[in-house]
Amino acid sequence: MTLVFEQIRAGGDRNFGYLLGDRDAGVCALIDPSYSPDAFVERARQQGMTVTLVINTHGHPDHVNGNEQAVALTGAKVAAHPRSPASPDVAVGDGQELAIGSLRLRCLHVPGHAIDHLALFEPTYKLLITGDLLFVGKVGGTPNDADARTEWDSLQKLLHAVPDDATVWPGHDYGARPASTVALEKATNPFLLAANADEFLTRKAAWPAFKKQLGLR
Ligand SMILES: [Zn+2]
């Protein structure tokens, strides 16, 4: 198996999507092609790979809005959590795997930012695609305290399920750099450094003022 893995700027609010493929098998998946499905499909085409899956990390409009065009261009199936508003052809729940040639992508259900949120983990190269659950130095927004607690639980579950040397590939370019590692986020991400769910909620509530103070975008 020869890995192809690209992080692609998809437009929108600094959205990131991904192309993940097995060059030997000649197949790939597009993850959240969102605002730029044609550019993602073109990247696959240039490398002689057929797009077999369009995978969504979650169903927010800025992550699923490119599905229709990506499918029209490729005939790929849409894979997402069963609760995704994108009505997936392939519904994948917690612990289930998606095959892309010889690649196996493990799906972890990590609700909080969105009820249908999946984190995607490729165990051979230890690639962790975190969507809007975990950004570089930040975590996904939540509309209320109950969802914030759910997000905290999802983060704990995720961090126990993957190794520290896994690389982190987020759904938006909100950090100081476009990607990270689990170890680096555990050591530096203020939200992961919270001692418990209550402290996590306090940090989330204080974030807008803190961000302003530090001059962060
Ligand atoms: Zn989102």
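If only residues of the stretch 40-61 that are assigned to a helix (DSSP H, G or I) and away from the ligand (no atom under 16 Å from the Cβ) are counted, the one that is most open to solvent (accessible area, probe 1.4 Å) is R45.
Taking the numbered list (1) closer than 19 Å to A80 by Cβ; (2) in contact with a Leu (Cβ under 7 Å, 6 or more places away or on another chain); (3) within 16 Å of the ligand (Cβ to nearest atom) in turn, T130 passes all entries but (2).
Screening the stretch 168-209 for residues that are out of contact with any Asp or Glu (no Cβ under 8 Å at 6 or more places or on another chain) and polar (S, T, N, Q) and picking the one that is most open to solvent (accessible area, probe 1.4 Å) gives T202. Considering the conditions (1) in contact with a helix residue (DSSP H, G or I) (Cβ under 9 Å, 6 or more places away or on another chain); (2) open to solvent by 50 Å² or more (accessible area, probe 1.4 Å); (3) away from the ligand (no atom under 16 Å from the Cβ), E97 is excluded by exactly one of them, (1). For the stretch 5-32, the tally of residues that are open to solvent by less than 10 Å² (accessible area, probe 1.4 Å) and in a strand (DSSP E or B) stands at 13. Kindly provide the set of residues from the stretch 122-163 that are under 16 Å from R104 (Cβ atoms), surrounded by fewer than 22 Cβ atoms within 10 Å (Cβ to Cβ) and hydrophobic (A, V, I, L, M, F, W, C), ordered by number. Of everything in the stretch 122-163, those that are under 16 Å from R104 (Cβ atoms), surrounded by fewer than 22 Cβ atoms within 10 Å (Cβ to Cβ) and hydrophobic (A, V, I, L, M, F, W, C) turn out to be L127, A161, V162. Just checking, does the stretch 67-82 include any residue being open to solvent by 30 Å² or more (accessible area, probe 1.4 Å), within 16 Å of the ligand (Cβ to nearest atom) and either among the small types (G, A, S) or within 15 Å of the chain's Cα centre (by Cα) (or both)? No, because not a single residue in the stretch 67-82 is open to solvent by 30 Å² or more (accessible area, probe 1.4 Å), within 16 Å of the ligand (Cβ to nearest atom) and either among the small types (G, A, S) or within 15 Å of the chain's Cα centre (by Cα) (or both).
One residue alone among A209, A148 is more than 27 Å from R9 (Cα to Cα), outside any loop (DSSP other than H, G, I, E, B) and within 16 Å of the ligand (Cβ to nearest atom), and that residue is A148.
The values are calculated or read from the model by the stated rules, or taken from the named source; none is laboratory data. Values in this document were obtained by computation on a predicted structure and should not be read as measured data. Here Cβ is always computed from backbone atoms with ideal geometry, including for glycine, and neighbour counts include all displayed protein chains. For accessibility, only protein heavy atoms count, side chains too; no ligands or nucleic acids. Shrake-Rupley method; radii C 1.70, N 1.55, O 1.52, S 1.80 Å.
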